[in-house]
1. To the nearest 0.05, what FRET efficiency results for Phe21 and Asn91 with a Förster distance of 25 Å applied to their C-beta separation?
2. Place a point 7 Å from Cα of Lys161 in the direction of its Cβ. Which residues in the stretch 35-54 have their backbone N less than 14 Å from it?
3. Mind checking which lysines have their Cα closer than 26 Å to the Cα of Lys158? Skip sequence neighbours fewer than 8 apart in that chain.
4. In nm, to one decimal, how far is the modelled label at Leu132 from the one at Ser60, with both set 7 Å along Cα→Cβ?
5. Taking the Cα centre of the stretch 1-133 as origin and charging only Cβ (+1 Lys, Arg; -1 Asp, Glu), how large is the dipole, in debye to the nearest 20?
6. Among the complete DSSP H segments of the chain, which ones combine at least 24 Å of alpha-carbon extent along their axis with a mean Kyte-Doolittle hydropathy of 1.0 or more?
7. In a shell of Cβ-Cβ distance under 15 Å around Cys148, excluding Cys148 itself, what net charge do Lys and Arg (+1) and Asp and Glu (-1) give?
8. Hey, if you put +1 on the Cβ of every Lys and Arg and -1 on every Asp and Glu Cβ in the stretch 12-121, which of Pro119, Gly20, Leu42 ends up farthest toward the positive end of that dipole?
Amino acid sequence: MKVFIFLLALAPLDRLIWLGFTDGLGANPIEFMTRSTGTWALVMLCATLAMTPLRLLTGSRFWIKIRRMLGLFSFFYAGCHFLIWLWLDQNLDVAAMLKDIIKRPFITMGFMSLVLMIPLAATSNHWMQRKLGRRWAQLHRLIYVIACSVILHYWWHKAGKNDLQTVSIYATVIGLLLCCRIPMIRSRITL
């Protein structure tokens, strides 16, 4: 089942590659790829956050076993999102990148989100979990801050275009998934 989920999580990348080879990326391929990878980073983040509520609802530990993989896929797509922006949009010009990060709040928030994901991805293995002990769980609670900063990144980006419908749905999903962590609500979910 883990192999199936792994292959399923790669499907958005496969689709982008296919569309690239068949001229299916539209009139603005850079924007299409940037939005697609950003959306999939957010979808994978939502899926990662959904694993604990699913475990509480079903009593199955299976959900926790795939949570790490989904979190790493979220980081992978966020990294692709950033690299497409840096390479294709900013032409690897670090000075222009830093200027854009400082100038536009939604880019600042997106960059901050990616930077906060790095220690989570770097410590998402069993060896680091054992080495860090209780501090590992404390570090990985950054996912809640990241979820909020990603929603702000998306919100500010869409607010400039006065298009908040889709981001409102994601914000609601993230809000509900984070509410499942509140002890009083969590105890009601548990079987």
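All of the numbers you see were taken from the coordinates with simple rules; none came from a lab. Everything numeric in this text was worked out from a predicted model, so none of it was measured. A quick note on method: Cβ atoms are made from the backbone with ideal geometry, for glycine too, and the neighbour counts reach across all protein chains shown.
1. Plugging the Cβ-Cβ distance into 1/(1 + (r/R0)^6) gives 0.60.
2. Backbone N within reach: 35-40.
3. Lys99, Lys103
4. Roughly 2.8 nm, to one decimal.
5. 840
6. Values: long enough: 2-21 (28 Å, 1.66); 29-58 (41 Å, 0.86); 62-84 (33 Å, 1.10); 105-122 (26 Å, 1.91); 142-159 (25 Å, 1.12).
For the chain, where a helix must reach 24 Å along its axis and average at least 1.0, the hits are 2-21, 62-84, 105-122, 142-159.
7. +2
8. Pro119
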